[in-house]
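This report refers to the structure that appears directly beneath it.
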């Protein structure tokens, strides 16, 4: 006798009700269900791989997939929306409706966490950068300006989910209201419950009828981020009994669910080790969650990649930017491969699953290849880069300002990348440059195209000039002779903070905390360049100079490589010979690299390559290598001894 599919079991003979929480457990369409779900962010995985990843979820015994929804990608400019039909760098990642439908085709239910704030180790917690230039707006509160922006966005987003709900024949069984809202209380701020109520009203007004919930860590925030009548769920990594007992105490007569069982952890740049969670420790906590008994959502079951400039950052003690890889030490690797955690999870879930349904065979892993090492084809120096920047991304202002407030893009400002402040200035043979306040986040200083600031060579360098740690930093500018020279200060946005107290969400990037001085004289009248480094720019570059940059050159440049492929396959770009920068493949920003690690490779999925000629560009801050190598495995960092 063959087993039924998940949908055959729960939909038969017809759908009368959705997901309900009763004292003795969860029920879907009147039938008991233990939810075994896994997080998968469609915006971190190429669309061509969505089905493969989802089938691997189902093959492990999961019955649901959970995803966040990133506002910053879906509304990249104010009142300009993209749900997969835009002409933006990430458009091919953004058809959330298609993703949800594929999940249903792969016999999975869907849990949606639409935000508007999502955390997710994603730039600014998914909030759009242009929101920072609206004066008086208070993020994640019921303040009218903020709620106007949320409402306008949700009026476009939420209707996409209405007909995809379980009770309407779709796969969506639950929606989260905001995200870990209890965490805003850490700085003495009282959570704005009116804000959560208004978000819930938006859900209801758009016809969302499936189960609503909130999630926080019970021992840290108790019910601070919750709403009366809305189910609370728990987020944690350890001490399941402690967290789940408190969750039950906070809401008696309700079943328990872990919305985020942290299966591993993420890495920050400059950390000495890649974060891992031993399989036996992971499995022990999972067994205890399921035996409680509690339903569970694995965060993450497959992490994916922080492509482009989308990595977030944290301020635990000091600012720390997240690496490009979001492997997360998950049961499924960044490149979609199985790990011992995957097989252990499949084994444990099978033991605890009381409803037997049909599972697919394990899909094959993709083949990985180390392509031959490439020699540099050509390069552009920094001045060449500026020359090829569109005119509408160059402005003249009296004072330095943050990138989000640049008067460009119809008032949207600059979102990502680098911002260059240029000024003709009379210098002595030894002049002193002073930047008031803090740099956000890194700065390179050029004089007549020559790098004067120190390259990032050791972790200790971030305590010096040009990095976020030092206030009112000064740099001596030495020159062979005095005279008028061109001063460039190139500031990198290394990722906006995605989690923490509301005070940490003032994430304006660039120079904006005070004037810039040379020899105690305030500099005015700047030329400012918005170096967003988007796909259109990368594809438009021309006039390549043959060979590598001059061996004596230290400073920003772009190197061009070309590879011809008969059959594109997954690979990893080996960046151990480079210092710091980013990589573009056929115009797509693959992400950042940094020689201080822990990550030393970039995952390059086959769907970003094509048959025939492929162009790879490397924007390097300090000193370019003359070749580019590939591996058939990642280097995520050293493991803690």
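What follows draws every value from the coordinates through simple rules; no lab data is involved. What you see is a predicted model; the values in this text were computed from it and never measured. All Cβ positions, glycine included, derive from the backbone under ideal geometry; neighbour counts span all protein chains shown.
Summary of values
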item	result
D (Stokes-Einstein, µm²/s), Kirkwood Cα radius, the chain, 1.002 mPa s at 20 °C	83 µm²/s
Label point distance in nm, residue 246-residue 448, each placed 7 Å from Cα along Cα→Cβ	6.3 nm
Reference-scaled alpha-carbon Rg (2.2 N^0.38 Å with N residues) for region 4-49	1.52
Distance (nanometres) between label positions extended 7 Å along Cα→Cβ at residue 288 and residue 457	4.7 nm
Debye equation applied to the C-alpha atoms of region 6-352, log10 I(q)/I(0) at 0.11 Å⁻¹	-0.69
Percent RCO, i.e. relative contact order, over the chain, from Cα pairs under 8 Å lying at least 6 residues apart	15 percent
Label-point separation, residue 351 to residue 273 (7 Å along Cα→Cβ), nm	2.7 nm
Residue-averaged [θ]222 nm for the chain, counting only DSSP H segments that reach four residues, each worth -39500 (n - 2.57)	-5000 deg cm²/dmol
Ratio of Rg to Rh over region 229-295 (Cα coordinates, Kirkwood Rh, two decimals)	1.07
C-alpha long axis of helix 279-291 to longest principal axis of the chain, angle in °	40 degrees
Cα gyration tensor of region 456-532 - equivalent ellipsoid semi-axes, whole Å, descending	27, 17, 13
Shape of region 133-237, Cα gyration tensor, a/c cut at 1.5	oblate
Using alpha-carbon coordinates, inclination of helix 144-157 to the longest axis of the chain, degrees	70 degrees
Gyration tensor verdict on region 389-531 (Cα atoms; rounded if a/c is under 1.5, prolate if a/b is larger than b/c, oblate otherwise)	oblate
Alpha carbon convex hull of region 286-435, projected area averaged over orientations, nm²	18.3 nm²
Nearest-ten-degree value, helix 240-250 long axis tilted from longest Cα axis of the chain	70 degrees
